[in-house]
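Below is one structure, written out as structure tokens, with a few remarks after it.
All of the numbers you see were taken from the coordinates with simple rules; none came from a lab. Note that this is a predicted model, so its numbers are computed, not measured. With ideal geometry, Cβ positions are generated from the backbone for all residues, glycine too; neighbour counts draw on all protein chains shown.
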Amino acid sequence: MLPWEKNIPDFLTERRNIVIRILFTAAFALIFINIYAPLGVNTWFNISQLELFLYSSALILTGLLVMVISRIIMFQISRRHKLSYLQYGSWELMELMIMALAYTLLKIFFLHEATNIVDDYIKSLEITVLVVFLPYIILMLYFSWYDKVKKLEKLSHQEPENDSRQSKLLPFYDEKNVMRFSMMPSDILYLESADNYVNIFYLSKQKVTHYLLRNSLKKLETYLEPYSFIRCHRSYIVNFEKVKLIRKDKDSLKLELDAPSEVVIPVSKTYSEGVLNEFVKTGN
């Protein structure tokens, strides 16, 4: 797999980080344009500093609207399909171009200051890249650092032996971080997404039953990493210790679980490589 075909880290599409990026970029742009006046933006119009502040605020609000709409769409797509670096980079470029177009149209139809549309668009694109690129790099470094800190904290609280983890009750927390359900990991078969809830299927007295938990599969995927659970589909996480058979049907993979009744879980193309790697690792 080529580097740009790999999936981007989850922290780039987390809701909290998206909100932080939008607000930080807007604040940075407002300060940057009014203090440093990139590309001589303060000489574009014969206006006072106060008028420049008002015009720049209108520009930033326009760009903010474009970014909010773009990030909402990206967030919804990322919940269903993981984005590659190439897809994410292309999305970023498209977002910048649309923002620059919005600025150009604002200048033409509201400020009535158009000279040459192509030149105005190129100049708007230059300023957009300059203003957005700097806070983006700052936040990328911060998000990456914060993600590593969280992972290190998680590792520090993990038991050194897998058998020790499997012999203890595994608590499940809801979206408000309240513990709702707890059981032995070895009795859990799989988890299935159900809108804003997750169904946890497990064995009880040799019967398959389930518990409905208000949480997201994405959050639980990270939480269950220290255990033998693996994401195999946008709607499923399976306990790999319970997989007794992997079979290929036409163009897709299926996981058959060790349960009293037949339980077959689909494997999507997005997660097939990870499932096969886990199978090879377990086999070794």
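A few remarks follow.
- Residue-wise HN-Hα couplings along the stretch 184-200, as the Karplus relation 6.51 cos²θ - 1.76 cosθ + 1.60 with θ = phi - 60° gives them from phi, are 5, x, 5, 8, 7, 8, 6, 10, 10, 6, 9, 6, 8, 10, 10, 8, 9 Hz; Gly and Pro carry x.
- 5 angstrom amide H check on Leu189, placed H, neighbours 5+ away: Phe201, Tyr202, Leu203
- Förster-model FRET efficiency, 22 Å R0, Lys248 and His81, C-beta, rounded to 0.05: 0.55
- Over the stretch 162-283, relative contact order from alpha-carbon pairs under 8 Å, at least 6 apart, %: 17 percent
- Alpha-carbon Debye profile of the stretch 162-283, log10 I(q)/I(0) at 0.10, 0.17, 0.19 Å⁻¹: -0.28, -0.85, -1.08
- Amide H within-cut-off set for Lys82, under 5 Å, with H built and near neighbours excluded: none
- Here the 3J(HN,Hα) profile of the stretch 248-260, calculated from phi with Karplus coefficients 6.51, -1.76 and 1.60 at θ = phi - 60°, is 10, 10, 6, 9, 10, 9, 10, 10, 9, 9, 7, 8, x Hz, Gly and Pro shown as x.
- Using θ = phi - 60° and Karplus 6.51 cos²θ - 1.76 cosθ + 1.60, couplings along the stretch 206-221 (whole Hz; Gly, Pro as x): 6, 10, 7, 10, 8, 10, 9, 10, 7, 5, 10, 5, 5, 5, 5, 4
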